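Notes to accompany the following structure.
Nothing in this text is a laboratory measurement; each read-out follows from the coordinates by a stated rule. Everything quoted here is computed from the prediction, not taken from an experiment. Cβ coordinates were reconstructed from backbone atoms using ideal geometry, including for glycine residues, and neighbour counts include every protein chain displayed.
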Amino acid sequence: MKRRQFVNLALSTVAIIVSNSIIAQSISAVDSQSVEKRRRQRKITTTTRDTQPPHILTLDDILALPDVPADRRIFYGPDPDQFGDLYLPKQPGPHPVVLLLHGGCWLEQFSLSTTGHLAAALRRTGLAVWNLEYRRLGNGGGWPATFQDVAMGADFLRTIAPEFDLDLDRLVTMGHSAGGHLALWLAGRHRLPDTSPLYVGQQGVRVRGVVSLAGIPDLITGVQLNICNGACYALVDGFPEEVPDRYQQASPLALLPLGVPQWHLVGTEDEIVPASYIQQYVEVATQYDEVHLEVLPNAGHFEPIVPTTAVWPAVRHAVLALVERTPSYIR
């Protein structure tokens with residue numbers, strides 16, 4: 001009973017407890033597993049780049065960036081947070097599409113504005129970007145609304161594709177932090193059982209690959225490591241032993257194989273989503289899917305979403321590598 005009371009209290013207040021300062025806290029140190037050992041993993045491609053940023057970016061640095069306006073803001077549902085910002089390249093279509101999902105521990109305090117600069121940079125490379133907003137913890141999100149919104153927003157691309165000449169045969173999902181979790185989940189949702197409130201069967205739009213930037217691919221381990229200070233269990237409204245079926249439906253690890261190639265990028269200095277945590281997931285996922293891991297030296301949690309940093313070429317390469325893949329890979 002006391003445990004249940006604690007969970008209820010934690011779940012009801014997590015959006016207040018997890019603040020800007022909390023997100024900046026260390027979760028755990030990067031483990032001592034060597035680069036050479038990772039390279040021996042059969043399907044893992046681990047590359048490094050000589051990056052020397054002047055300092056490790058913080059959340060305050062990201063929030064201080066000016067907004068980058070999109071070409072269009074389009075609502076996919078009636079809720080004020082059910083919309084997407086569409087960025088369109090100057091080149092003639094049909095346009096490959098990146099469905100971009102922002103992070104922020106699935107909390108209402110953080111919005112798609114944090115990935116606006118990333119969306120604009122991808123637009124300059126010739127990609128259309130659907131920077132998606134969704135309900136989050138504190139404004140009606142969580143289980144199952146956050147997942148339903150992301151799915152609805154993704155499938156809404158079919159509605160707007162003809163008007164904006166979008167090529168959905170070259171659709172890639174990309175997400176940062178909590179958004180990386182959702183980007184991976186979108187790729188695997190076709191494996192959900194028909195009893196799930198998140199089930200869409202084969203009707204959902206299919207993606208051709210996933211780029212996860214310091215994502216959260218394993219919710220159970222996320223709870224154990226206290227990633228996002230309780231938001232991992234708040235997202236599904238319970239601990240793994242209390243609602244195991246929800247973790248089976250919500251965690252990308254449980255949905256393997258996703259059936260599409262995955263790129264994971266994470267900084268060696270990331271104290272919010274440790275590189276060791278990503279490596280642990282990749283070692284499992286590579287048994288099922290084509291998986292690439294790039295560990296970025298001297299990069300923290302936020303460098304991958306800022307296109308002026310030294311790690312931007314690695315991010316750009318990952319998404320273009322997937323966009324240029326043919327649909328025949330999909331199983």
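The HN-Hα couplings worked out from phi for the range 231-247 by the Karplus form 6.51 cos²θ - 1.76 cosθ + 1.60 (θ = phi - 60°) are 5, 4, 7, 5, 4, 9, 6, x, 7, x, 6, 8, 10, x, 5, 5, 5 Hz, whole numbers, x standing for Gly and Pro. Rounded to the nearest 20 debye, the dipole magnitude of the range 61-324 is 600 debye, with +1 charges on Lys and Arg beta carbons, -1 on Asp and Glu beta carbons, and the Cα centre as origin.
Quick one: compute the contact order of the range 61-324, relative version, from alpha carbon pairs under 8 angstrom and 6+ residues apart, as a percent.
After rounding, I find 17 percent.
Working from label points 7 Å from Cα in the Cα-to-Cβ sense, the THR125 to ARG191 distance is 2.6 nm.
Checking a compactness column here: for the range 61-324, what do you get for Rg(Cα) / (2.2 N^0.38 Å), N being the number of residues?
The reported ratio for this selection is 0.91.
Stokes-Einstein, applied to the Kirkwood radius of the range 149-240 over Cα pairs at a viscosity of 1.306 mPa s and 10 °C, places its translational diffusion at 111 µm² s⁻¹.
Here the range 172-329 is treated as a Stokes sphere of Kirkwood radius computed over C-alpha pairs; at 25 °C and 0.890 mPa s its diffusion coefficient rounds to 156 µm²/s.
Ordering PRO304, LEU235, ALA314 by Cα displacement along the dipole of the range 227-331 toward the positive end leaves ALA314 in first place; charges were set at the Cβ atoms of Lys, Arg (+1) and Asp, Glu (-1).
Ordering LEU112, LEU107 from the fewest to the most neighbouring beta carbons within 10 Å gives LEU112, LEU107.
In this structure, the amide hydrogen of ASP169, modeled 1.01 Å from its nitrogen in the peptide plane, lies closer than 5 angstrom to no residue at least 5 positions away or on a different chain. Packing, as the average of other Cβ atoms within 10 Å across residues, places the peptides 179-187, 144-152 in the order 179-187, 144-152, highest first.
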